Structure formats: structure tokens, C-alpha cells
Amino acid sequence: MLSCAEISERIEKSLSLTTKILNELVEEGYVVETGHAPSSGGRRPQMYSLKPDIMYTVSVAMDQFVTRLVVMDMQNRHIGKMESIELNLAGNPGALDIITDKISEVIDEAGIAKSKIAGIGISMPGFIDAKEGVNYSFPGNGQGTITSFIESKTGVPVFIDNDSSLIALAEQKFGAALNKKNVMVINVGWGIGLGLILNNVLFRGDNGFAGEFSHIPLFQNGKLCSCGKSGCLETEAALTAVIEKALEGLASGRTSVLKKSGLEALNPEDAADAVIDAAAKGDRFAVELLSEAGYNIGRGIAILIHLLNPELVVLSGRGSSSGKILQAPIQQALNEHCIPRLAANTTIVISGLGHEAQLIGGAALVMEKYEKGIARKNKIQEAA
């Protein structure tokens, strides 16, 4: 929900023109008045939002092991049930076909006409050329680009981008980074991703590959990283590393409630949840594991602060549910490794969007590309 003044600022149009446009959209049923903003001493401004059912998006949030899919309305509310499937992306040429079939299934189950779906937004790990619709880390099925293949099967425009970039987009539009100018959004997951907001703009780099924070070489540990190098931040701080250390600790006789969880038999998703839940309940070993990961993440953040001097660092993504445990060791690392004057005005916060951020980011991507989506939909219809 936004006021007329806020909308005017965001679309860079005069207040009078914005008022005229809003009145027309209200009359046509595209925009609804949602009441007045809380009082700040003067006249309370009228708030506006898109009518929730005027159109929909399909958001697909992928990580290396699990893919979540849901239809969302214009207020980021789920329509129908969110689907979650275990899907290992590495070395799996059939993954794209599985995702495409599941997207069609989710649309059918939601009961939404495809004419009302603005597009499909897919957030996924890897080196992604969003413009070309290619993921260089997780190849497709040899039948065209990811976007063209899914569009041909579903008849709906498709947009893809890196998961950490879209988590940052969600935080910028709806979360902790709202109205902030320079922000680093840390995606704590199977890697340690980074979304950069610089001068109010989501920074993707020259080829769209900016933010590979996970692969900063910080350690001389000889551990092979998923990127093929060794000693990357990911090898000591990602949830995969936390699980590996948990298993090693239990095997060496560490005392922990995790012994009862059957950690060695769990899939990565459930294993990560088990460690985070144990830490939340005060298990000393689990807290130690996450604190060590947090400290190492903080070492990496210290480097970024020296380079970019952000006003805010947001801990988001899957691992943000352990944010309170990570926050203190991250701050400790900053105290030890940052020049005090540089870090003095940088605040670390935990995302309120949490694991939902990636789904919201996929929906936000579709709306960011709305005009291109209309053009693509017309081409799809002409081809049909």
C-alpha cells in the first residue's frame, strides 16, 4: 500500500498527474483505496493498492535441493497451496522438464485463467544471464533457453534471475531494505549469496553475475567448493558446511540433542532445520555450529563494508530463521576486522520476510518486467 505522494515519487511523475492516473484506475477497478495512513501530525494520506485479483503471478523459488512453487495475487498472498518438491539441480538434465510440468500443475490447481497470469518469475542459484534466459551453472535440457522452453509449454511469459538478487529485490520492495539507499542483503543458505542495492538500484554487474559472495577465498582449509575452487567462504559458512560439521562432531562424541534426530539419514533440507531448531532450543553444540558460521560470514561482510560502506546489512533467505544466533558473532567479526569509522553506521538486521523472500522476489521480478511480459505474451499468442 502506498500513498499518492509515494507513488508519484516512485514513478517519477508529478503529483497532479499521479492523482489523475490513480482516480482513473480506481474508476476502472484496477486500484482500490485501502484507508488512511497512520497519523503523523497532519492530514492522513489516502492509501492505494492494486486490486488483489486483477492479475496473478507464478513464483518459482529454486535452490540446489528443493523447488517451491505458488500462484500469488497482487498483494503477495498465496492462491492455493504452495507446492514443494525435492529436486537436485546438479547433474540433472531432466530437472527443467520436471519444473515445467509442475508449473502447469500449480496453475491448473489454482484455477486461475492463464490470461490473468502476468508471468512466471523463477529465482534460481547459479550464474544467470537473465536477458538471454540462460543459467550457466545448471544447464537446461538442450531444447532452447530456460525461458523459451517453459514459455512454449505453458503459454505464459517467463523471467529468471539469480536467487540472491531476487531476495534483495523482495527486501527492497517489501522488506527491511524499503526506502534504504545502500544495502547488502545476505542470502544464508546452501551458499552465502549476496544481493546488492546501490543508490536505490539493484546492482547485477556487467553480465548479471554480481554478488558471488559465497566464493570469496577466505580460508586455507583445502576444502573443495561447489565452484571447483578451494577455501571459499561457502566451505566454512554455508548450511551444507554446518551440517557436515554437525555430523563430524556427533561422530566424534559431541553431546547434543541432534543425536536423537537421525541427522545422518535426513535430506539437506530437514538436516538444516534440525540444526536450526536445536540451536533455537539452546542446544550448546548447535549454537556453536551456527555461531562459527556467523563469525565467518562476518569476516566476509567486513570486506564488503570496506569496499561499499553500506547503511544496512540484511540477513535473509533460508538461514535467516537462525538470524538472532548469527547476528552476535557477525557483529563480533565486524568489531575485530572492520575499521571502526567505516562500520560505525552500518546496521545489521534480520529479515522479516525470511524464507518467503525468494517467492516474493520471483513475483516482484514479473511485475518489474511487466511491459516486456505483455510483449512476450503477444508473441506467444501469435506463435500459437
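The values are calculated or read from the model by the stated rules, or taken from the named source; none is laboratory data. Owing to the predicted nature of the structure, the values given are computational and were not obtained by experimental measurement. Cβ: placed from backbone, ideal geometry, glycine included. Neighbour counts: every protein chain shown. For accessibility, only protein heavy atoms count, side chains too; no ligands or nucleic acids. Shrake-Rupley method; radii C 1.70, N 1.55, O 1.52, S 1.80 Å.
Assorted remarks:
- 5 angstrom amide H check on Met55, placed H, neighbours 5+ away: Met74
- Couplings 3J(HN,Hα) for region 55-65, derived from phi with the Karplus relation 6.51 cos²θ - 1.76 cosθ + 1.60 (θ = phi - 60°), are 6, 9, 10, 10, 10, 10, 9, 10, 10, 5, 10 Hz, where x marks Gly and Pro.
- Where labels lie 7 Å past Cα in the beta-carbon direction, separation of Asp273 and Asn23 in nm: 5.2 nm
- Heavy-atom surface analysis with a 1.4 Å probe gives the chain a carbon and sulfur content of 51 percent of its accessible area.
- Of the residues Pro340, Pro268, Pro157, the one that moves most in a GNM of the chain with alpha-carbon contacts below 10 Å is Pro340.
- Accessible solvent surface per residue of the chain, calculated while the other protein chains remain in place, 1.4 angstrom probe, Å²: 48 Å²
- MRE, 222 nm, helices only [DSSP H, n ≥ 4, -39500 (n - 2.57), over the chain, to nearest 500]: -13000 deg cm²/dmol
- Between Asn345 and Lys324, the FRET efficiency estimated from the beta carbon spacing at R0 = 22 angstrom works out to 0.50.
- Rounded FRET efficiency, nearest 0.05, which uses the C-beta distance separating Ser115 from Ser84 and R0 of 30 Å: 0.65
- Förster radius 51 Å - calculated FRET efficiency between Thr145 and Arg254 (Cβ-Cβ, nearest 0.05): 0.60
- Amide hydrogen proximity for Val66: with H placed 1.01 Å from N in the peptide plane, the residues at 5 or more positions away or on another chain lying under 5 Å are Leu87.
- For region 330-341, putting each phi into the Karplus relation 6.51 cos²θ - 1.76 cosθ + 1.60 with θ = phi - 60° gives couplings of 4, 5, 4, 5, 5, 4, 7, 10, 9, 5, x, 5 Hz, in residue order, rounded to whole numbers and with x for Gly and Pro.
- Projecting label points 7 angstrom from Cα along Cα→Cβ for Leu50 and Asp206 puts them 3.5 nm apart.
- Long-range HN-HN contacts of Gly231 with modeled amide H, under 5 Å: Asn221, Gly222, Lys223, Cys225
- With θ taken as phi - 60° and the Karplus curve 6.51 cos²θ - 1.76 cosθ + 1.60 applied, the whole-hertz 3J(HN,Hα) list for region 216-229 is 6, x, 9, 10, 9, 9, x, 7, 6, 8, 5, 7, x, 8 Hz, x standing for glycine and proline.
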